Amino acid sequence: MIIHGLQKLTLLDFPEHTACTVFLAGCNFRCPFCHNSELLNAATADPLMDDVELLGFLSKRQGLLDGVCITGGEPTLRPDLDKLLKEIKKLGFKTKLDTNGTMPEVIKKLVDNNLVDYIAMDIKTAPEHYELLTGVTGDMDAIRKSVDFIKFCGIEYEFRTTVVKGLHQLADFTAIGKWLKDARAYYLQPFVDRDSVLQKNLTAPTDEELNAYLNEVKKYIPNSYIRGK
């Protein structure tokens, strides 16, 4: 498997774990606020290393790192993801999967085979506005299946939304709250601009707006928080 990026140390990506983050290219969404636009097309993304080199790196980090985060792009599009996770688990690392939830069968297979210890699923917006924010005609049935499975799969998880001024409104968080009601954890992540963002001139919500969104969603998901503040 080709690896397209590696953050050798993160204290933030995997809650309560010292970890590294592995980036896999290829995504079926085109969200305007995407930070990793260079990873959207697996065919054109610059390769960093292959899986053999990655596993060699990880073997030297045994005892130093607790976990490995797999992100993208959208990792569940990669047909050999399960094989990579299996090799990582053999080295004794816990694994975290970042996903947009469009491949519920893959997520279920990974969990059923004990290949994932933590899932972070991106919730882009209210269900009725998904097409607007993802840039594609999506399959909301698949995304809903992933939400339902993750909520009751028995492993640790979180849902999270990157909040962008003008792209999200208070009503979106009412809908999200009702959709994800009583989830284990839900995070609002204020948008941070970077050179690699797909659409330019986007901005973060104000603190007042962000707190209003948080208070709204807490009516339905008490374990809701603002991340990055």
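The values are calculated or read from the model by the stated rules, or taken from the named source; none is laboratory data. Because the structure is a prediction, the values reported are computed rather than measured. Side chains are part of the model used for accessible areas, which takes the heavy atoms of the whole protein and leaves out ligands, DNA and RNA. Shrake-Rupley method; radii C 1.70, N 1.55, O 1.52, S 1.80 Å.
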For segment 1-114, share of DSSP beta bridges that run antiparallel, in % to the nearest 5: 40
Label assignment, Cα extents along the principal axes in Å derived from the structure, set (i) 47, 37, 32; (ii) 53, 42, 36; (iii) 59, 58, 29: (i)
Whole-percent carbon and sulfur share, accessible surface of segment 72-229, 1.4 Å: 49
For segment 54-94, alpha-carbon Rg relative to the globular expectation (2.2 N^0.38 Å, N residues): 1.17
Whole-number percent relative contact order across segment 53-204, with pairs defined as alpha carbons under 8 Å at least 6 apart: 19
Two-decimal Rg to Rh for segment 24-101 - Kirkwood Rh, Cα set: 0.99
Cα-Cα P(r), segment 80-127, percent of pairs per 5 Å interval: 5, 21, 31, 22, 10, 7, 3, 1
Average Cα contact separation per residue, segment 127-208, under 8 Å, 6 or more apart, as relative contact order %: 32
Fraction of beta bridges assigned by DSSP in the chain that are antiparallel (%, nearest 5): 20
Rounded percent of accessible protein surface that carbon and sulfur make up, segment 13-57, 1.4 Å probe: 52
Accessible area (Å², per residue) of the chain, counting only protein heavy atoms and a probe of 1.4 Å: 48
Expected 222 nm ellipticity per residue - DSSP helices of 4 or more, -39500 (n - 2.57), all of the chain, to 500: -8500 deg cm²/dmol
Equivalent ellipsoid dimensions for segment 88-173 as semi-axes, Å, which come from the Cα gyration tensor, largest first: 27, 14, 11
Solvent accessible area, Å² - GLU128, 1.4 Å probe, full protein context: 120
Solvent accessible area, Å² - LEU132, 1.4 Å probe, full protein context: 130
Accessible area in the full protein assembly, largest first, 1.4 Å probe, for THR137, THR21: THR137, THR21
Reach of LYS178 by Cα under 18 Å, taken over lysines that are not fewer than 8 positions away in the same chain: LYS124, LYS145, LYS151, LYS218, LYS219
Distance from segment 143-206 to segment 51-90 (C-alpha centre basis), Å: 25
